[in-house]
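J.: Before we start, here is the structure in question, set down as structure tokens.
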Amino acid sequence: MPPRPIIIDCDPGVDDAIALLLAFAAAAEFDLLGITTVAGNVPLALTQANARRICHLAQRTDVPVYAGCPRPLLRSLVTAEEVHGSTGIEGTNLPQPTMPLQSQHAVAFLIERLTTASTPITLATLGPLTNLAVALIQCPAIVQGIDQVVMMGGSLGAGNITPAAEFNVYVDPHAAKVVVDAGLPLTMIGLDVTHQVVTTPDRLAALKALDTPVGKAAAGMLRYYGQLDLERHHLAASPLHDPCVIAYLLRPDLFTGRPMHLAIETEGTLCLGRTVANGHPTPTAPANATVIETANADGIYALLTERLGKL
Ligand code: BDR
Ligand code: CA
């Protein structure tokens, strides 16, 4: 099988950074066309620089990095420094990047690649969906160039940024609605799944034991990232969100899910950004997404540790 062409849209972000490392470690499976960045966990100036810092860490400065939208479609930007630290990838001390940021805007890059693709492209979205929504608004024909969109976002149960909403969808619910309503082959990996894939002390120790620059940086970031979940949210271990998207593309057998009708709440106050999923689609509310429900955490962490050990 030739490698699958893929673009990763992200807001690094500690778990985005780990997801990028996992994608870099899958060069046989992925033809990584580019990394597009968006404002989310931290402002755009940091997310685009962090993506390039991670490229340096993995010696993948051949992968072009693009900066996209600096704020959501309608709302003011909400960030998550209390989770990811003021730099966005706290817990490691990576140098500032020397590889250039691409001069083309991320949205222009998405439109160019998706309208000229000879093979449909997979989009892995790990942050607020602003870039993809703007691309869809500017050029609806990009749908034909998309093989599938696999997004980390949403929740069937409780939220994390509010009781009702997951962070990525809450930050830009209007963008999420544009994407969900676009008629794309869409897979949602939400909090219900990522909270099954937690960073236990043993799993963290295995990453650290790789004893490589990548293993040490990954373990350092994940240790920092887990603090809030452990101390303030009283979770037993911290969920690993964004790498689940890459793991799903590499090993779909580690996940189960089913077709559902997905809708986004864009008007409420208490429930703004809620993903409302109907597991019993009807003719008036047909299935428009595959919603993942279970994940094999041991398998995903084994994959992550084994692959990062090769970088
Ligand atoms: C999502 O929010 C961000 O903080 C993480 O990077 C992840 O994409 C989890 O809700
Ligand atoms: Ca993210």
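Read the figures in this text as sums done on the coordinates, not as results from a lab. Quantities reported herein were computed from a predicted structural model and do not represent experimental measurements. Neighbour counts run over all protein chains shown; Cβ positions are idealised from the backbone, glycine included.
J.: List the relative contact order of the chain as a percent without decimals, with contacts defined as Cα pairs under 8 Å and 6+ residues apart.
T.: Numbers: 707 pairs, mean separation 60.2, N = 311.
Over the chain, the number comes to 19 percent.
J.: If you find the alpha carbon centre of the stretch 27-46 and of the stretch 88-123, how far apart are they in angstrom?
T.: For the stretch 27-46 versus the stretch 88-123, the Cα centre distance is 5 Å.
J.: Quick check: convex hull over the Cα atoms of the stretch 4-308, volume per residue in Å³, rounded to an integer? Please list the in-between numbers first.
T.: Details: hull volume 36.7 nm³, N = 305.
Given the Cα convex hull of the stretch 4-308, per-residue volume reads 120 Å³.
J.: Here is a further query. Figure the gain on full extension for GLU267 and ARG251 (residue separation times 0.36 nm, minus the Cα-Cα span) and round it to one decimal in nm.
T.: On the way: separation 16, 0.36 × 16 = 5.76 nm, distance 3.64 nm.
That pair, GLU267 and ARG251, stretches by 2.1 nm at full extension.
J.: Right, another one. Based on alpha-carbon positions alone, could you give the equivalent ellipsoid semi-axes of the stretch 39-150 from the gyration tensor, as √(5λ), descending, whole Å?
T.: Values: eigenvalues 128, 65, 27 Å².
They are 25, 18, 12 Å, listed largest first.
J.: For ASP62 and LEU228 in one chain, what is 0.36 nm times their gap in residues minus the Cα-Cα distance, to one decimal in nm?
T.: Values: separation 166, 0.36 × 166 = 59.76 nm, distance 3.43 nm.
Gain on stretching ASP62 to LEU228: 56.3 nm.
J.: Under a Cβ-Cβ cut-off of 10 Å, what is the net charge of the residues other than THR194 that fall near it, where Lys and Arg count +1 and Asp and Glu count -1? Walk me through the numbers before you get to the answer.
T.: Values: positive: none; negative: ASP15, GLU166, ASP192, ASP242.
Once positives and negatives cancel, what remains is -4.
J.: A further question follows. Compute the distance in nm between two label points, each set 7 Å from the Cα along the Cα-to-Cβ direction, one at ALA158 and one at ALA302.
T.: According to this spin-label approximation, the distance is 3.1 nm.
J.: Then there's this: Could you tally the net charge around THR122, taking each other residue with its Cβ under 9 Å from the Cβ of THR122, Lys/Arg +1 and Asp/Glu -1?
T.: Working: positive: ARG4; negative: ASP147.
Once positives and negatives cancel, what remains is 0.
J.: So what's the back-of-envelope 222 nm ellipticity for the chain, counting only DSSP H runs of four-plus at -39500 (n - 2.57) apiece and dividing by all residues, rounded to 500?
T.: Numbers: 12 runs with 113 residues, N = 311.
Only helices count here, giving -10500 deg cm²/dmol.
J.: Under 22 Å Cα-Cα from LYS208, which lysines qualify once same-chain neighbours fewer than 8 residues away are excluded?
T.: LYS216, LYS310
J.: Could you check the spin-label model distance between GLN144 and THR212? Points 7 Å from the Cα along Cα→Cβ, value in nm.
T.: 4.2 nm
J.: What number comes out for the charge environment of THR98, summing +1 per Lys or Arg and -1 per Asp or Glu over other residues with Cβ under 12 Å away?
T.: On the way: positive: ARG52, ARG53; negative: none.
Net charge around THR98: +2.
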